[in-house]
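Student: My structure is below; once you've seen it, I'll send some questions.
The values are calculated or read from the model by the stated rules, or taken from the named source; none is laboratory data. Bear in mind the structure is a predicted one, so any value in this text is a computation, not a measurement. Neighbour counts run over all protein chains shown; Cβ positions are idealised from the backbone, glycine included. When the accessible area is computed, the model is the full protein with side chains, heavy atoms only, and any ligands, DNA or RNA have been set aside. Shrake-Rupley method; radii C 1.70, N 1.55, O 1.52, S 1.80 Å.
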Amino acid sequence: MSWADESLEILTEDEDDNGTLHVITEASKMTEHVSVKIRTMDDHLVSAHGFFVADNCNPIGAETKSGHVTHIFEPGFHEVDLITKQFSKFYNLSENKCYGTFGIAVSEPHSLAFVQCYTNEERDTKAQLVIDLKENQLKALNEFIFGTSFVSPDGRFVITLNYYAILTQYIDPAGQIFLFAEIESNLLLSQLAFYSRDAGYDVYVTSRDQSAIIVLHVDPRGIKTPKFISTVGKPQQKDWVHTQRPIVVGCRSDARYLATPATGENTVVILDGDHRQMVGKVEEIKGASAIVWAGKEEK
């Protein structure tokens, strides 16, 4: 996404593809670095607003044909055909007093989109709109839920991180949405990852300012906090808005592990999901702001 205009570039590994990013290989090594420059369509660079990396563990197939893109200057969100890499539809939310979108989580099995909207022209009030993608209509408007939302792999749970609060919604088999009890934290929350366990998930929530990870467990009965994992290293704080700490779950034969960078210590922390504990650190990886687990094909 671009700050300069209302545009989106899709980058692939094709040699002739264009885009807006620089790729630096071996970035953690002490050497003279050279970036692989990816041009824009009109051959000039623009400032990036954000980016999304397609899930390496679950390649795009027949069951996952669409992606969704928000933009802070548009009163809705776009649907993108992931096969043709073309815009296929625009969901206009202006009738619901949406003046710009800045985040989205989609439950594909239920065809529901949980969209974060600015609800006035000044963009100083926010709300979550739940959109039925099949009917293209509003299902719910939650003025008290805003922040960064994440959806579980099976589409049943939507968890929203709002600074120091964790808000969880459960979608039952009939498509009804239930709100679980709010969990408050003394950590400034960043991002999360879902780890499959029993009838639900363990949810690993990282912090922007503390050397700790919250482990939650969610299932259709509710959500609870079984454990904190401390001494996992701090992120290097830029400011309370831009500092993030990503976390990913491993692929296939590595599916029991999670990884998260501790940028304040130039390390990447490895966690064991089965035992809910840290099992190691990889040092001398500087300033990692994004992380992808690249799994091998199983034979």
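Student: For W293, indicate whether it is at pLDDT below 90, in contact with a Cys (Cβ under 7 Å, 6 or more places away or on another chain) and not aliphatic (A, V, I, L, M).
Tutor: Numbers: at pLDDT below 90: yes; in contact with a Cys (Cβ under 7 Å, 6 or more places away or on another chain): yes; not aliphatic (A, V, I, L, M): yes.
It is true that W293 is at pLDDT below 90, in contact with a Cys (Cβ under 7 Å, 6 or more places away or on another chain) and not aliphatic (A, V, I, L, M).
Student: When you go through (1) at pLDDT 85 or above; (2) exposed (fewer than 14 other Cβ atoms within 10 Å of the Cβ) one by one for V115, which number turns out not to apply?
Tutor: Going through (1) at pLDDT 85 or above; (2) exposed (fewer than 14 other Cβ atoms within 10 Å of the Cβ) one by one, V115 breaks only (2).
Student: May I pose another question? Starting from the stretch 93-108, keep only residues that are in contact (Cβ under 8 Å) with a residue 60 or more places away in the chain, then list their pairs with residues that are in a strand (DSSP E or B) and open to solvent by less than 60 Å² (accessible area, probe 1.4 Å) whose Cβ atoms are within a distance under 9 Å, requiring at least 6 positions of separation or different chains.
Tutor: S107/A113; S107/F114; S107/V151; S107/F157; S107/V158; S107/I171
Student: May I ask you to list the residues in the stretch 249-282 that are under 17 Å from I214 (Cβ atoms) and either outside any strand (DSSP E or B) or more than 20 Å from the chain's Cα centre (by Cα) (or both)?
Tutor: Matches in the stretch 249-282: D272, G273, H275, R276, Q277, M278.
Student: Just checking, which of K126, K139, K89, K134 is touching a His at 6+ places or on another chain (Cβ under 9 Å), free of Cβ contacts under 8 Å to residues at least 60 places away in the same chain and open to solvent by 50 Å² or more (accessible area, probe 1.4 Å)?
Tutor: K89
Student: In a loop (DSSP other than H, G, I, E, B), open to solvent by less than 30 Å² (accessible area, probe 1.4 Å) and within 22 Å of P109 (Cα to Cα), is that true of G175?
Tutor: Yes.
Student: Of all residues in the stretch 162-210 being charged (D, E, K, R) and under 17 Å from the mean Cα position of the chain (by Cα), which is nearest to I223 (Cα to Cα)?
Tutor: Here is the first cut: in the stretch 162-210, the residues charged (D, E, K, R) are 172, 182, 184, 197-198, 202, 208-209.
Next, only the ones that are under 17 Å from the mean Cα position of the chain (by Cα) stay: 202, 208.
Values: D202: 10, R208: 22 Å.
Selected residue: D202.
Student: I145 is checked against (1) out of contact with any Phe, Trp or Tyr (no Cβ under 6 Å at 6 or more places or on another chain); (2) open to solvent by less than 10 Å² (accessible area, probe 1.4 Å); (3) at pLDDT 95 or above; (4) of a type outside the set (D, E) and fails just one. What number does that condition carry?
Tutor: Here I145 clears every test but (3).
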